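Working notes, beginning with the structure itself.
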Amino acid sequence: MHLSRIAAPSRRAFVFHHRGFSLLEVLVTLLLVAIGLLGVAGMQIAAIRLADGADVRSKGSTFIDGIAERIQTNPNNAAAYAVSLTGSVSSGAAAADVTAWKASIAQALPNGQGSITVTPDGSCPAVTASSRSCNLVTIVVQWSEIRAKRSASGPSPETVVFQSVVRV
């Protein structure tokens, strides 16, 4: 019995055929990695911007809660806390609270302003002469936020307004 030999490919052909990565494959890989890294960097920038916006909104909410608590501790003088966005309270215990509150808003929020409006609440149960008055206190805190809008002039500021109504 005679075995025939099957011709095997030469080693030289095999070595030249599989030499590793070509330069084109390396360039394509680098391009894909670069695009991925740019996407990650863009996501990181967006996350930082949104975190800053959330921080400012949290401060705005805290300012509303703070002055509402001050008014609730002094309900008989709630009307003394009334102040416009650009105005001030002239005298009394409320003046110190409102002045400090407005100064804190102006310092912590970009273009920050606050106002307090006090109106009698007709829907309250009957109030006797010895009990406190019944008022609705509207507290407004506003500031400017720059958001990226698609316009020829670039990003433009928007006014953000937080409002809370408290019965005192």
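Observations, loosely collected:
- Single condition R49 does not satisfy, out of (1) open to solvent by less than 80 Å² (accessible area, probe 1.4 Å); (2) under 30 Å from the mean Cα position of the chain (by Cα); (3) at pLDDT below 90: (1)
- Residues (touching a residue at least 40 places away in the same chain (Cβ under 8 Å) and part of a loop (DSSP other than H, G, I, E, B)) located in segment 71-93: L85
- Filter pass, I116 being more than 14 Å from V160 (Cα to Cα) and among the hydrophobic types (A, V, I, L, M, F, W, C): yes
- Residue satisfying condition, being outside any helix (DSSP H, G or I), open to solvent by less than 40 Å² (accessible area, probe 1.4 Å), of a type outside the set (D, E) and at pLDDT 90 or above, within set G66, G114: G114
- Test: residue in segment 66-76 that is over 16 Å from the mean Cα position of the chain (by Cα) and acidic (D, E): yes
- Members of segment 94-108 found to be more than 14 Å from A78 (Cα to Cα) and without any contact (Cβ under 8 Å) to a residue 40 or more places away in the chain, listed by number: T99, A100, W101, K102, A103, A106, Q107
The values are calculated or read from the model by the stated rules, or taken from the named source; none is laboratory data. In this text the structure is predicted, and so the values were computed from the model without any measurement. Every residue, glycine as well, gets a Cβ built from its backbone with ideal geometry; the counts of neighbours run over all protein chains shown. All accessible areas refer to the heavy atoms of the entire protein, side chains included, with ligands and DNA or RNA removed. Shrake-Rupley method; radii C 1.70, N 1.55, O 1.52, S 1.80 Å.
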